[in-house]
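The values are calculated or read from the model by the stated rules, or taken from the named source; none is laboratory data. Not measured: the values here are computed from a predicted model. Cβ atoms come from the backbone with ideal geometry, glycine included; neighbour counts cover every protein chain shown. All accessible areas refer to the heavy atoms of the entire protein, side chains included, with ligands and DNA or RNA removed. Shrake-Rupley method; radii C 1.70, N 1.55, O 1.52, S 1.80 Å.
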Amino acid sequence: MDQHVDVVVPPALRFLLPARDRPGGVRRLGFDPDATLGHLVRAAGVPPTEVGGLRLDGEPAPPAARARPGGTVTVEEIRRPQAAPSGGYLLDVGLGALARRLRLLGLDAAWSNRAEDADLVVHADAEERVLLTQDRGLLMRGAVVHGALVRGAAPDAQLADVLDRFAPAPAPLTRCTTCNGELRPVPKEQVAALLEPGTRRSYDEFSRCGACGRVYWRGAHARRIDELIGAARRRSG
């Protein structure tokens with residue numbers, strides 16, 4: 001009797017497999033009678049957050065099921081767009097540039113350059129946020145409830161991936177790019193002393209962060225926001 005189990009991975013997730021297994025998209029693992037399908041998929045290198053469904057020998061199966069010797073576990077990828085919880089996003093320390101881009105689009109994106117992995121998991125769960133990371137080991141933690149492995153090396157490519165996966169509705173100039181606080185309209189006379197002379201002459205409508213006090217106006221980021229949305233749509237379209 002064959003003492004192995006094959007884990008079959010779809011093309012979009014093959015980059016998670018060891019290099020030798022990527023061309024065929026199959027990871028062969030030793031059979032363990034105590035291993036659930038969820039454990040086998042993790043052992044193959046695929047975080048649970050990237051799994052849309054499982055099949056065992058061609059039939060739908062839950063992560064708690066167990067394979068037979070010689071069995072085949074087929075991984076189905078997450079169907080996009082994916083529903084996200086109401087709390088917004090929480091990004092790990094390596095995704096600061098992506099956090100800024102999400103905030104430019106008015107999306108709730110919490111980030112700190114001092115956050116530890118364990119704290120990220122607790123924070124995401126407590127506030128019902130999607131944990132965004134490129135560290136698949138972080139997403140292998142059993143305590144992760146909502147998470148996503150962000151694709152792309154450059155921040156704009158990462159943004160396009162997040163927008164494609166969750167399809168959030170942009171609300172530009174409603175979030176502070178520095179601290180993620182909410183922006184509120186403010187009369188020009190209340191912030192005039194904080195503005196450069198050219199800005200005072202050229203603009204009349206302003207917003208201010210309720211958390212850190214930073215002042216914003218439409219001209220400051222309008223072109224960049226339009227570029228981000230346009231680039232993301234071209235990538236996902």
Query - Prolate/oblate/rounded label for the range 1-54 (Cα gyration tensor, a/c 1.5) - result: oblate
Query - Residues in the range 21-37 reached by a label modelled at residue 8 [backbone nitrogen below 13 Å; 7 Å Cα→Cβ] - result: 24-27
Report task. Pop out the carbon and sulfur fraction of the accessible area of the chain as a percent, whole number, probe 1.4 Å. Result -> 49
Query - DSSP loop GluC sites (Glu not before Pro) with at most 15 other Cβ within 10 Å: longest gap in the chain - result: 1-115
Query raised in the report: Under a 5 Å amide H to amide H cut-off, with H placed in plane at 1.01 Å, what residues pair with residue 175 once short-range neighbours are removed?
Result: 106, 183
Query raised in the report: Which of these, 193, 12, 160, has the largest mean-square fluctuation under a Gaussian network model of the chain (Cα springs below 10 Å)?
Result: 193
Query raised in the report: Given a 1.4 Å probe, how much area per residue of the chain is accessible, in Å²?
Result: 52
Requested in this report: For the range 40-85 and the range 6-27, write down the distance between their C-alpha centroids in whole Å.
Outcome: 13
Report task. Determine the calculated [θ] at 222 nm for the chain from helices alone, applying -39500 (n - 2.57) to every DSSP H run no shorter than 4 residues and normalising by the residue count; nearest 500 deg cm²/dmol. Result -> -8500 deg cm²/dmol
Query - Using a Förster distance of 45 Å, the FRET efficiency for residue 80-residue 201 (Cβ separation, nearest 0.05) - result: 0.50
Query raised in the report: What shape does the chain have by the C-alpha gyration tensor, where a ≥ b ≥ c are the square roots of the eigenvalues, rounded means a/c under 1.5, and otherwise prolate means a/b greater than b/c and oblate the rest?
Result: prolate
Query - Qualifying trypsin sites (Lys or Arg not before Pro) for the range 53-120 [loop in DSSP, other Cβ within 10 Å: at most 14] - result: 79, 114
Report summary line: Charge tally for neighbours of residue 75 with beta carbon under 9 Å away, counting Lys, Arg as +1 and Asp, Glu as -1, is -2
Report summary line: The ³J(HN,Hα) series, computed from each phi in the range 159-172 with the Karplus coefficients 6.51, -1.76 and 1.60 at θ = phi - 60°, rounded to the nearest Hz and given as x for glycine or proline, is 4, 4, 5, 5, 5, 5, 6, 10, 6, x, 8, x, 9, x
